[in-house]
Amino acid sequence: MNMSILNHPLVVGMILFPDLTQLDLTGPYEVFTRMPATTVHLLSETLQPVRTERGLTITPDATWATSPELDVIFVPGGAGVNAMLEHEPLLNFLRQQSASTAYITAVCTGTLVLGAAGLLKGYRAATHWLSMDLLPFFGAEPVYERVVFDRNRITGGGITAGIDFGLHVAALLRDARTAQEIQLMMEYDPQPPFHSGSPALADPALVQQVSAARQHIQASRRTIARRIAQRINAVVE
């Protein structure tokens, strides 16, 4: 579905759940809310404020049950993903929306939630580097790129990839000039102090240290992914 007409009204729905990573959400949110003729809804299971992984609280403006019809649906990642991978109210909402939503999107480990809903089987996708090996459990092909397009699925890598993701989506749904204007207004001109932003660049000892620190949550996530794979008949490596 081509929606690149500059002033065509767009409705974007961004999912909230406990212990999400706020930058996964707020990076793309900053871009989407700057797009012309675009309404962005923050959607949660209830209207109660949602506490993110690091303690920031975000208030939804609609629930999954009261969500309007969406042109774009977006899922962030975070520690709370583990619970959401088997949270049927959210998974059912994503499945229902996928029937009419033009673009189904996610950043970081939010991609795994799309997979758990059965929405990535046969698609190329990106996620956080620590969870790339889990994508085949959902029938998805892991792609080590910052932003991955496959038909109407758009997925981004780790946390900071959300801004790149948002700008790519803005260029697709509006035009490149609009995306460039947003990037300039945001002064998005990354100049990181260290070249350690990916496992391919970081010191191997640092990669091992970070991986070890997340071993428990990743083991739990893998167990859940295996369980889901058995249900959705995904191809498991």
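A few points about this structure:
- Between amide H atoms placed 1.01 Å from N, distances below 5 Å from A125 occur with E141, V143, all of them 5 or more places distant or on a separate chain.
- Overall Cα dimensions of the chain, principal axis frame, Å, largest first: 46, 42, 34
- In this label model, R54 and Y144 are separated by 2.6 nm, measuring between points 7 Å along each Cα→Cβ vector.
- Residues whose amide H falls under 5 Å from that of A62, counting only those 5 or more places apart or on a different chain, are L42, S44, with hydrogens built in the peptide plane.
- The mean sequence distance of close C-alpha pairs (under 8 Å, at least 6 residues apart), as a share of the length of the stretch 10-232, puts its relative contact order at 18 percent.
- Approximate spin-label separation L206-R227, in nm, with each point projected 7 Å along Cα-to-Cβ: 3.5 nm
- With a Förster radius of 30 Å applied to the C-beta separation of H8 and E88, the computed FRET efficiency comes to 0.35.
- If a spin label sat at a point 7 angstrom from the Cα of T46 along the line to its beta carbon, the backbone N atoms of the stretch 84-122 nearer than 16 Å would be those of 89-90.
- Calculated FRET value between A37 and R95, using beta carbons and R₀ = 41 Å, to 0.05: 0.90
- Note on S220/D175: beta-carbon distance plugged into 1/(1 + (r/R0)^6) with R0 of 41 Å gives a FRET efficiency of 0.45.
Only the coordinates and a few stated rules stand behind these numbers; no lab work does. Treat the numbers as computed from the prediction; the structure is a model and nothing was measured. Cβ coordinates were reconstructed from backbone atoms using ideal geometry, including for glycine residues, and neighbour counts include every protein chain displayed.
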